[in-house]
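Take a look at the structure set out below.
We did not get these values from a lab; they are worked out from the coordinates using the rules stated. Keep in mind it's a predicted model, so treat the numbers as computed, not measured. So basically every Cβ, Gly included, is an ideal-geometry build from the backbone, and we count neighbours across all protein chains shown.
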Amino acid sequence: MPDRGGGPTGPRIRVGRPSRRIRTLLTTLGVLAALAMLFVMFAGFWTDWLWYRSVDYSSVFTTTLGTKIGLFAVFGLLMALAVGVNVWLAHRLRPPLSAMSMEQQSLDRYRMSIAPYKKWVLLAVTALVGLVAGASAAGQWRTWLQWVNGVSFHQKDPQFHKDISFYTFDLPWYRFLLSFGFAAAVLSLIAAALVHYLYGGLRLTSPGHRATAAATGHLSVLLGIFVGLKAIAYWLDRYGLAVKSSGLKSTDGWTGLRYVDANAYLPAKTILFIIALICAVLFFATLWRRTWQLPVIGFGLMVLSAVLIGGLYPAIVQKFQVQPNEQAKEAPYIKKNITATREAYGIDDSDVKNYKGNSNLTGKDPEKVRAEVNSTASLRLLDPNVVSPAFQQEQQVKGYYQFPSTLDVDRYKVDGKEQDTVIGLRELNLKGIPERNWINDHFKYTHGYGAITAKGTTTDKAGAPDFTAKSLPTEGLFPAYEQRVYYGEKTTQYSIVGGPQEELDYPSDKGEQSYSYKGKSGVSLSNPVNRAAYAVAFGEPQILYSGAIGEGSRILYNRTPKERVEAVAPWLTIDGDAYPAVVDGRIQWIVDAYTTTNGYPYASRTTLGDTTADSLTTGQRAVVAQQNQVNYIRNSVKATVDAFDGKVKLYQWDTKDPVLKTWMKAFPGTVKAKSEIGSALMDHLRYPQDLFKVQRELLSRYHVTDPETFYTGSERWEVPDDPTNTKGNAVPPYYLSMKMPDQQKQAFSLTTTFTPKNRPNLGAFMAVDADAKSADYGKIRILKLPSETSVWGPRQAQGNFNSHPPVADQINIWKKGDSEVEYGNLLTVPLDGGLLYVEPVYLRGAGSNYPRLKKVLVNYGDKIAFRDTLDEALDEIFGSKGEPTKPPAEGTQKPSPSQDPTVKQALKDAQDAFAASQKALENKNWADYGKAQDALKDALDRAAKAEAKAAEKSGKPGS
């Protein structure tokens, strides 16, 4: 028996025990690490499932996940089989060792090193390519669902006479299958060639045959499959011409076949398809002929044909047939593009009418024109983009509340009459919490409180908003309603509610009021598994052990309206501006959602991010797009998100849209029928801004339906830059209750202006009926001004406002007093054959916390008024009570200080400087623009000083 205390066996025992312990420890740590990784993966899956179940859209989660898993498994397995079978076959077809050359014998050590593990190597290679291919296929879940659930458009393209659904739903899936086939063929070819080379089937340097007959046959079949797939690609490319974007003079983003496509590329693709098929047959024939001669000749012929027929021939046609008479050659194809684009963007029914734009009062009855102003439009003086600080100052109440920087415009009945109303929710502001800690951030301060509204057309005597719903809790406009705001645009953090920790409800004279959440929203944290999963998913271990979480605790997250709608309907593109409305005793966020595609034949593409950007676009108000490049869009879904319990409802709005019908087949039961929209909700539905911005961008070119005029570009318009914003971005559209010349009464509308391409004057005015209750909802009306019109464009109107002596003098005085001037929305209204411009002017005085309405600018024709109220300004333009203002009797008026030569020269210099700045702005010459602005300021300063001196000499007080 060995001596355990000494001897030769003793040390081995003492050394062996720690070694086993270390191995055991490392094994344990490895298992724990693997379990931890698995639990992290499980936590993400489990929390997603719990969230979808909490909003009653679990079918979206299961359908999406099931589709991804199915595609991953099927295509991952197919790729693994394709590569694995070809590797196995190449190994099976290896020549006997004795037949190997000296070159191959030098590879013995590689073969010997692989031999013991060849099954594992094969398994690893096939698993790797399978995982990559499966992950790529899983990303095509939208393409698969659209293909398998595709609904017919019942409309055919003008070239191939196939239903449009073929291009939108079928062709993308076929292209994916083709790309997968190419990848499988190439990977199989590479893997098989490596194995053949490693085992002697291929030789690179040895004399004699370069490949065995078995290797030749195997590789030729793979090459034949590759070339056969190329033949299919040529055939599909024929249809791809209908959705191909290409450049054409004067047509940005032009899509569809051109003359050279129809008469050169199309026949070329057909010929190349036939050649590729023949070439593929020649490769397959090597199984019997055992020679590469014919397939190599065929492949060379295919490559040469691709260069000559697919490249050189179309270039010759373009150079010698199209370019000498491009306008006539392309006219039929431009016509197809115009028709398809107008249909795809829903602008084919837009009504374009000529409008004189005569804003001269000569020969008109001023009293009649003045009387028409009120019946033509409810001129909104409260700009939702300017007055948020006023809401913040007057109605914030506490620092832990906030309003969005841009408020919303809606319609509510005030004193029995429907009026344009500015509305904003008092949301939670975590940055304003007095003491920041985990409990306060996530348990105590959990929600905002109340909807605040103000009249859109008037202000109080001090120029502040005339609130119709105010205070905390709110009172006034609305009957009793649930005022707590748990879900909002600014609510981005998670909250844990309903448990032992009470929330702050709202502050009052009696102290802070407490509340415990009674809604059914969120996910229960009573289950320890759920708590552990959320602790891992949110990276917050306190969720697991905090005593503030107990029976009844629920976690709320994904709390912005856009996040929630996008999550339950990942196949929709979400509008950038969700807006709140009080409906049936609840605050509902209304979200517009779009169905889009970029596969509509002949329709020009546009980039959503660029097209919907304007001077007010921020990250919060940017459009959320799955596909940034689109050539078809419909506002197919109206969604609501309850601000209290987060309930999401999707309503079918466009009942004819085949894209929506396709998604409703894929996700049955997720979208409610249009008939389920209640009348109270219908009162607040409106035409969405992002769709309108896309349509106006397209209509700047596609209001023209004549191919020749379209080609020349002589009637192109552009969206002007916002004259009240120094960033130079596009002017935003404005909601306004107004009537167009062919309407009998005012309608809630969305409006915009156009200027001719590279010209500052007004080119057209566009409005869409935005009231969902109206029979004309969505009808686009465009008033096209004559090309020679002198009606001011927005930039000119703003410039003329700024250089108008009374305006320039007053603003200069304000600025000298350290006050800040802010211009509101520049509203444009068609009036009696002319156009009326109205712009509120806000003043933020030194030490003031928010801007107040101080003046109103009005322009009609060459007349400008700058008065304290809208009525006063209109009276000055048209004459008080419709009568022209009578000049004072001779001798009763002292000479105006502005007649002073110094003043006149200074004003002339100001006008010259303004003209120079406008020219520099058009040329984007910022150095000259800055110099011109400095000269303008200097001239206005000189004018103000000279006028003040002249006023003193004439005995008048200075202005």
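Can you tell me which of 520-533, 753-766, 413-426 comes out highest on packing, and rank the rest after it, using the mean Cβ neighbours within 10 Å?
Put in order of decreasing packing, that is 753-766, 413-426, 520-533.
Within the shell defined by Cβ-Cβ distances under 13 Å, the residues around D56 carry a net charge of +4, with Lys and Arg each +1 and Asp and Glu each -1.
What the Cβ-Cβ distance of Q629 and R21 gives, at R0 = 45 Å and to the nearest 0.05, is a FRET efficiency of 0.15. Three semi-axes describe the equivalent ellipsoid of region 212-344; taken as square roots of 5 times the Cα gyration tensor eigenvalues and ordered largest first, they are 39, 15, 9 Å. Reachable aspartates and glutamates from K398, Cα under 17 Å, same-chain residues fewer than 8 places away excluded? Filter leaves E427, E435, D441, E503, D505, D509, E512. Starting from the Cα of N149, step 7 Å toward the Cβ, then list every residue of region 637-662 with an amide N under 19 Å from that point. Counting only backbone N, you get 637-640, 648-662.
For G139, what is the net charge nearby, where nearby means another residue's Cβ is under 15 Å from its Cβ and Lys, Arg count +1, Asp, Glu -1?
Values: positive: K68, R142, R175; negative: none.
Residues near G139 contribute +3 overall.
Selection among P507, S615, Y850 by position relative to the dipole of the chain gives S615 as farthest towards the positive end (Cβ unit charges, Cα centre).
Assuming charge only on the beta carbon of Lys and Arg (+1) and of Asp and Glu (-1), the dipole of the chain about its Cα centre is about 4440 debye to the nearest 20.
Going highest first, how would you order 303-309, 353-359 by mean Cβ packing within 10 Å?
Working: 303-309: 14.1, 353-359: 17.6.
Taking the mean over residues of other Cβ atoms within 10 Å, the ranking is 353-359, 303-309.
Considering only DSSP beta bridges where both residues belong to the chain, give the percentage that are antiparallel (nearest 5).
Working: 103 of 108 bridges.
So the antiparallel bridges amount to about 95 percent of the total.
Please give the contour-minus-distance gain from D351 to K816: 0.36 nm per residue of separation, less the Cα-Cα distance, rounded to one decimal in nm. Mind dumping the intermediate values first?
On the way: separation 465, 0.36 × 465 = 167.40 nm, distance 4.85 nm.
Full extension of this stretch gives 162.6 nm more.
Among the listed pairs K649/K674; K417/K562; K656/K779; K693/K854; K319/K757, those with a Cα-Cα distance over 22 Å are K417/K562; K693/K854; K319/K757.
Please compute, over every Cα-Cα pair in the chain, the percentage with a separation greater than 57 angstrom. It would help to have the intermediate numbers written out before the result.
Details: 139782 of 459361 pairs.
Here the tail beyond 57 Å accounts for 30 percent of pairs.
Quick one: net charge of D237's neighbours, Cβ under 14 Å, K/R +1, D/E -1? With Lys, Arg at +1 and Asp, Glu at -1, the neighbours total +4. Taking the longest Cα principal axis of the chain as reference, the axis of helix 326-344 is set at about 80 degrees. The angle between the Cα long axis of helix 171-198 and the longest principal axis of the Cα atoms of the chain comes to about 30 degrees, rounded to the nearest 10. Dipole check for region 380-485: with +1 at the C-beta of Lys and Arg, -1 at the C-beta of Asp and Glu, and the Cα centre as origin, the magnitude is about 180 Debye. Using the Karplus relation 6.51 cos²θ - 1.76 cosθ + 1.60 with θ = phi - 60°, the per-residue 3J(HN,Hα) values for region 673-682 come to 5, 4, 5, 7, 6, x, 5, 5, 6, 4 Hz, with x marking Gly and Pro.
Let me check against my output: what whole-number percent is the relative contact order of the chain, with C-alpha pairs under 8 Å and at least 6 apart? Here the relative contact order equals 11 percent.
Dipole magnitude of region 505-635 about its Cα centre, charges +1 at Lys/Arg Cβ and -1 at Asp/Glu Cβ only, in debye to the nearest 20? Working shown, then result.
Details: 12 positive and 13 negative charges, 70 e Å.
With Lys and Arg at +1 and Asp and Glu at -1, about 340 debye.
Specify the angular offset, from 0 to 90 degrees and rounded to the nearest 10, of the alpha carbon long axis of helix 926-954 from the longest principal axis of the alpha carbons in the chain. Roughly 10 degrees, rounded to the nearest 10.
Phi-derived couplings, Karplus 6.51 cos²θ - 1.76 cosθ + 1.60 at θ = phi - 60°, listed residue by residue for region 309-314: 7, x, x, 6, 4, x Hz, with x used for Gly and Pro.
With the simple model of a label 7 Å out from the Cα in the direction of the Cβ, A36 to S675 spans 5.8 nm. For region 380-485, the residue among N429, L407, Q393 whose Cα projects farthest onto the positive side of the dipole built from Cβ charges is N429.
Peptides 491-497, 819-825 ranked from most to least packed give 491-497, 819-825, packing being the mean of other C-beta atoms within 10 angstrom over each peptide's residues.
When only DSSP loop residues count, what GluC sites (Glu not before Pro) in region 497-558 have their Cβ near at most 12 other Cβ atoms within 10 Å?
Values: sites: E502, E503, E512, E551; in loops: E502, E551.
Loop-located and lightly packed - E551.
Which of T662, M738, W792 sits closest to the plus end of the dipole of region 650-802, meaning its Cα is farthest towards the positive end, when Lys and Arg get +1 and Asp and Glu get -1 on the C-beta? With unit charges placed on the Cβ atoms, the residue in question is T662.
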